[in-house]
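Here is the structure we will look at.
The values are calculated or read from the model by the stated rules, or taken from the named source; none is laboratory data. Here the structure is a predicted model, which means the values were calculated and not measured. As a convention, Cβ positions derive from the backbone with ideal geometry for all residues, glycine included, and neighbour counts pool all protein chains shown. Please note that ligands, DNA and RNA were not included when accessible areas were found on the heavy atoms of the full protein model with its side chains. Shrake-Rupley method; radii C 1.70, N 1.55, O 1.52, S 1.80 Å.
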Amino acid sequence: MQIQLQKLAPTFIEEEKISGSQVWNNDMVFSPGEKIQVIAPSGSGKTSFIHFLYGMRKDHTGNILYADKNIAGFNAEDFATHRQRSVSIVFQDLRLFTQQTVLQNLEIKRQLAPYHAATKVMEMADRLGIGSKLNKYCKTCSYGEQQRIAIIRSLQQPFDFLLLDEPFSHLDDANRKLAMDLIEEEVELRKAGIILADLKATDHFNATKTFNL
Amino acid sequence: MNLSFHHIAPFLTTGQNKLSRWLSYIGLGIGVLLLLCSIQMYININALLKNKDQKKDGYDYIAVTKNISNENMAGSHSFTDADIAEIKNQSFIDDAAPFLSNKFVTKANGGATLPFSSDIFLESVNEKFIDTLPASFTWKEGDNTIPLIISSDYLELYNSVFAPSRDLPQFSEKSISSLLIGIDCEGLGGTQTFRGNIVAMSDRINTVIVPESFLKWANRHFANSTKAEPNKILLKTKDANNPDLLTFLQQKDYHVNKDKTRFGRIKQILQAIVSGLAGFGVLVILLAMVLFSFYLQLMIARSKENLQLLLTIGYSPAWLSKTVSRKWIPVYVVILIVTVAVTAFMHWGFQHFIMKDNENLSPFIHWIVIAVAVVLLLISVTLNYRLVKKLLYRL
């Protein structure tokens, strides 16, 4: 599945910011296998961009197409299907079930459209250093740990694109590398693409294309 | 998706507000029980108070007249063609026929066998309404003998009261046909004497019936009258105790033999009581369902953030609505099984202990009761599903 942008631009950002952007108001096509990096300072609309792509916000002009279909015409069921099969995400604000355990957070996603066996979840958690936290409540984990939980959660389903919104902001360099390696392996396994939005070029991410927002 | 409610249960705050949930279950149980028992009793009343008398062909025949009160004594009390058409038009009346009566003076005497003489009346009605119609019940102009059909009550009265008091012979149904009665008709054309011959007894019609052809001729001949102007109508109905029929007769202020519709009046009252109970049952069910909908709304409001997040990570709102609302199907099924069982038990107790195994009542509950229970289950489940779906799509 390809994602196409047709003159996409937020309705709430100043005209000069839009005209100077390599993304806003342009026609773009993202294909599986590509590693797209979108760089912008705070307040330029990175999170809005990711949310537009995920279909969570509609306050934009222009169109977004999943496999040539305009997502403006999607209903809640269409989005649910794509979010189970074709598009996965790591939110900047993580959006975890804080009252549930780490394992419950991961399983509720894995069981929806299982891509891996349950044992793989433990393996990934061990690899990112949160194996001992699986039965702890999410709210008791540090922000860095929660970021890793969100990353592992995003890798439990099949997808053509993985959307990452400042996914490593609270990780040290060693953990960034571990997380990036795991992500790239999983993306490779699915022959999928990555669209990563961050403040600056992300370490350890071998982007095939980089755009300034 | 091989997911079930079990997977998402930890993400919903279902355990809260147990009291309102249990109150709604109990309310629903009581309401459904009231409704099912009322329906069964309604059916029982119909079965028990069905008038089985005088139903040789499965119909009841009742004669109606217009009520005569002090206020309307002076006016006409005959039925117009429009009245008859309206009567025939009622769904609970299968047919109706007017009685034609004599409009001239008629006297009868018993001849040599029975030394008595009396003024009498003659009536006729469409032959298909007569229960005992012999082939000899015909008359044509020039015939001197008139065939008569009289009410069997008359023979009974004669044999049991009149004959012993006057020391007259008593008659059997067969022997009375040999009796020759003199019938004198007086009017414009003078007096003419006919011979009356009783050819049959009727349990249905409480009068003296002569062939319609005779009465039409005689009314014209002796009274110069060709108008029917019937004062009495014979109704043919499947059930003389049908409350709709009674209501119609009451509305039109028609008079009917109270005894024939006595069960109907009792039934009307009992059905009103039972309908009231059923209405109360429906009200309780509605209240219970409203209470349960509050519980569902509260649960969804309390789980709002988690439900929103489930939708965000790819859970389908349709699947969530179905799964959340299905969770209560077993509870509803249990409530209905228990209420149907209690209704069946109460009905059996009523049939066995109170009605002493009355053969008009089955010891088992009527299938309609079970059908209503199933329909209620479907309605409850559908309403819950729609409510949950609406709330989820609103998130």
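A compact table of results
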| read-out | value |
| --- | --- |
| Members of the range A:4-45 that are at pLDDT 90 or above, of a type in the set (Asp, Glu) and open to solvent by 50 Å² or more (accessible area, probe 1.4 Å) | A:Asp27 |
| Residues that are open to solvent by less than 70 Å² (accessible area, probe 1.4 Å), out of contact with any strand residue (DSSP E or B) (no Cβ under 7 Å at 6 or more places or on another chain), assigned to a helix (DSSP H, G or I) and not hydroxyl-bearing (Ser, Thr, Tyr), drawn from the range B:147-195 | B:Asn159, B:Phe162, B:Ala163 |
| Unmet requirement for A:Cys138, which otherwise passes all of (1) of a type in the set (A, V, I, L, M, F, W, C); (2) surrounded by fewer than 16 Cβ atoms within 10 Å (Cβ to Cβ); (3) within 13 Å of chain B (Cβ to nearest Cβ) | (2) |
| Selection status of B:Ala74, among the small types (Gly, Ala, Ser) and open to solvent by 70 Å² or more (accessible area, probe 1.4 Å) | yes |
| Residue list for the range B:365-395, filter: touching a helix residue (DSSP H, G or I) at 6+ places or on another chain (Cβ under 7 Å) and among the aromatic types (Phe, Trp, Tyr) | B:Tyr385, B:Tyr393 |
| From B:Leu249, B:Leu270, B:Leu336, B:Leu320, residue being in a helix (DSSP H, G or I) and either open to solvent by 70 Å² or more (accessible area, probe 1.4 Å) or in the same structural domain as B:Cys185 (by TED's automatic domain parsing) (or both) | B:Leu249 |
| The one condition in (1) in a helix (DSSP H, G or I); (2) without any contact (Cβ under 8 Å) to a residue 12 or more places away in the chain; (3) away from chain A (no Cβ under 14 Å) that B:Lys356 fails to fulfil | (1) |
| Selection count where residues are surrounded by fewer than 12 Cβ atoms within 10 Å (Cβ to Cβ) and either touching a Phe, Trp or Tyr at 6+ places or on another chain (Cβ under 9 Å) or of a type in the set (Phe, Trp, Tyr) (or both), scope the range B:365-388 | 1 |
| Strands (runs of 3 or more DSSP E) enclosed by the range A:25-70 - at least 3 residues per element that are closer than 21 Å to A:Gln84 by Cβ and out of contact with any Gly (no Cβ under 6 Å at 6 or more places or on another chain) | A:60-66 |
| Cβ-Cβ under 7 Å pairs, at least 6 apart or on other chains, the range B:44-72 side at pLDDT below 80, far side of a type in the set (Lys, Arg) and open to solvent by less than 50 Å² (accessible area, probe 1.4 Å) | B:Leu49/B:Lys267; B:Gln54/B:Arg204 |
| Per-region count, the range A:46-58, residues open to solvent by less than 50 Å² (accessible area, probe 1.4 Å) and either over 20 Å from A:Asn206 (Cα atoms) or more than 14 Å from every other protein chain (Cβ to nearest Cβ) (or both) | 9 |
| Number of positions in the range A:84-97 that are more than 7 Å from every other protein chain (Cβ to nearest Cβ) and either surrounded by fewer than 16 Cβ atoms within 10 Å (Cβ to Cβ) or closer than 23 Å to A:Lys191 by Cβ (or both) | 7 |
| Pairs, first more than 16 Å from B:Asp184 (Cα to Cα) in the range B:130-157, second of a type in the set (Lys, Arg), C-beta under 9 Å, six or more apart | B:Ile130/B:Arg204; B:Asp131/B:Lys56; B:Asp131/B:Arg204; B:Thr132/B:Arg204; B:Ser151/B:Arg204 |
| Residue in the range A:167-180 that is surrounded by 15 or more Cβ atoms within 10 Å (Cβ to Cβ) and more than 19 Å from A:Phe91 (Cβ to Cβ) present | yes |
| Selection status of B:Asp94, modelled with pLDDT of 90 or more and open to solvent by 60 Å² or more (accessible area, probe 1.4 Å) | yes |
| Residues of the range A:63-83 satisfying the condition of being more than 14 Å from every other protein chain (Cβ to nearest Cβ) and open to solvent by 30 Å² or more (accessible area, probe 1.4 Å) | A:Asn63, A:Ala67, A:Asp68, A:Lys69, A:Asn70, A:Ala72, A:Gly73 |
| Some residue of the range A:112-130 being within 14 Å of chain B (Cβ to nearest Cβ) and either in contact with a Cys (Cβ under 6 Å, 6 or more places away or on another chain) or closer than 22 Å to A:Leu53 by Cα (or both) | yes |
| Failed item, numbered, when B:Val199 is tested on (1) hydrophobic (A, V, I, L, M, F, W, C); (2) outside any strand (DSSP E or B); (3) under 25 Å from B:Ala135 (Cβ atoms) | (2) |
